[in-house]
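Below: the structure, in structure tokens.
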Amino acid sequence: MKNIDIVIPVISAQYSELTPAQQHLVDEARAATLRSYAPYSRFNVGAAILLSDGTVVTGANQENAAFPSGTCAERTACYYAGANHPDARFETIAIAARGTDSLEVEHPISPCGACRQALLEYEKLAGHDVPVLLAGRDEIYILPSVKALMPLSFTEF
Ligand code: THU
């Protein structure tokens, strides 16, 4: 028997420390929060995905009176990308959120388990690590891959 310690590498950065391309993707994710439909939680999430053909697709959470029928921002974005750009591969993902006070969340939020699983599949299709930028108001977490967000993940059967 032995212990296995799993370490998740996270860089905490200021917006000004990002590359212009990373800043642009964070801007797109922040803008996408304004297209969220979240009358029930009043928590507005935006996701932006840079694709290999240079396109940036965005998504925002879409809620429904029948609560489980709603969809998170990340899955809205990744399924839109898959449905409309099936040959393009994911390059980078950015996620931002505004809380019930409608201000950008102070600390980065992280995708739910279902969204991690969905994004992981597109990372696998990309054939390379897909960095994830989690944007808060004052700091941005940079993760090297979706896999880093979901160690011991289920990827094949
Ligand atoms: N939500 C997302 O869109 N992405 C996340 O990563 C976490 C949660 C949405 C789901 C729901 O509409 C609202 O935020 C509150 O949970």
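Rule-based calculations on the coordinates, nothing more; no lab input. Just so we're clear, the structure is a prediction, and the values are computed from it rather than from any experiment. Reconstructed Cβ throughout: ideal geometry from the backbone, glycine too, with neighbour counts over all protein chains shown.
In order along the range 36-46, the Karplus-derived 3J(HN,Hα) couplings, from 6.51 cos²θ - 1.76 cosθ + 1.60 at θ = phi - 60°, round to 5, 10, 9, x, 8, 8, 6, 10, 9, 10, x Hz, and Gly and Pro are given as x. For the chain, a Gaussian network of Cα nodes joined below 10 Å ranks ASN61, ASN84, ASN44 by mean-square fluctuation, and the top entry is ASN84. Straightening the chain between ASP53 and GLN23 buys 9.0 nm, computed as 0.36 nm per residue apart minus the Cα-Cα spacing.
State the dimensionless ratio Rg/Rh of the chain (Rg: radius of gyration of Cα atoms; Rh: Kirkwood radius).
Working: Rg = 15.3 Å, Rh = 15.7 Å.
Ratio of gyration radius to Kirkwood radius for the chain: 0.97.
Each peptide in 113-120, 143-150, 65-72 receives the mean, over its residues, of other Cβ atoms within 10 Å, and ordering these scores from highest gives 143-150, 113-120, 65-72.
Note on ALA66/ASP138: beta-carbon distance plugged into 1/(1 + (r/R0)^6) with R0 of 35 Å gives a FRET efficiency of 0.45.
With +1 on each Lys and Arg Cβ and -1 on each Asp and Glu Cβ, how big is the dipole of the range 1-137 about its Cα centre, in debye rounded to the nearest 20? If you can, show how the numbers build up before the last one.
Working: 10 positive and 15 negative charges, 62 e Å.
Dipole about the Cα centre, nearest 20: 300 debye.
Computed on the Cα atoms alone, the convex hull of the range 118-157 gives a volume of 67 cubic angstrom per residue.
Here the label points at ASP129 and PHE154, each 7 Å from Cα along the C-beta direction, are separated by 2.6 nm in the simple model. A Gaussian network model of the chain, with springs between Cα atoms under 10 Å, assigns the largest mean-square fluctuation among TYR40, TYR141, TYR122 to TYR40. Compactness of the range 77-157, taken as the C-alpha radius of gyration over 2.2 N^0.38 Å, stands at 1.15.
With R₀ set to 30 Å, the beta-carbon distance separating LEU103 from VAL10 gives a calculated FRET efficiency near 0.85. Placing a label point 7 Å from the Cα of ARG89 along the Cα-to-Cβ line, the residues of the range 127-157 whose backbone N sits under 12 Å from it are 127-130.
The largest-to-smallest principal axis extents of the Cα set in the range 89-131 are 39, 19, 13 Å. Our coupling estimate for the range 126-132, obtained by passing each phi through the Karplus curve with A = 6.51, B = -1.76, C = 1.60 and θ = phi - 60°, is 5, x, 8, 4, 10, x, 10 Hz, Gly and Pro reported as x. For the pair the range 38-68 / the range 72-94, the C-alpha centres are spaced 11 Å from each other.
For VAL130, the residues whose amide H sits under 5 Å from its own are VAL146, LYS147, ignoring neighbours fewer than 5 places away on the same chain, with H placed 1.01 Å from N.
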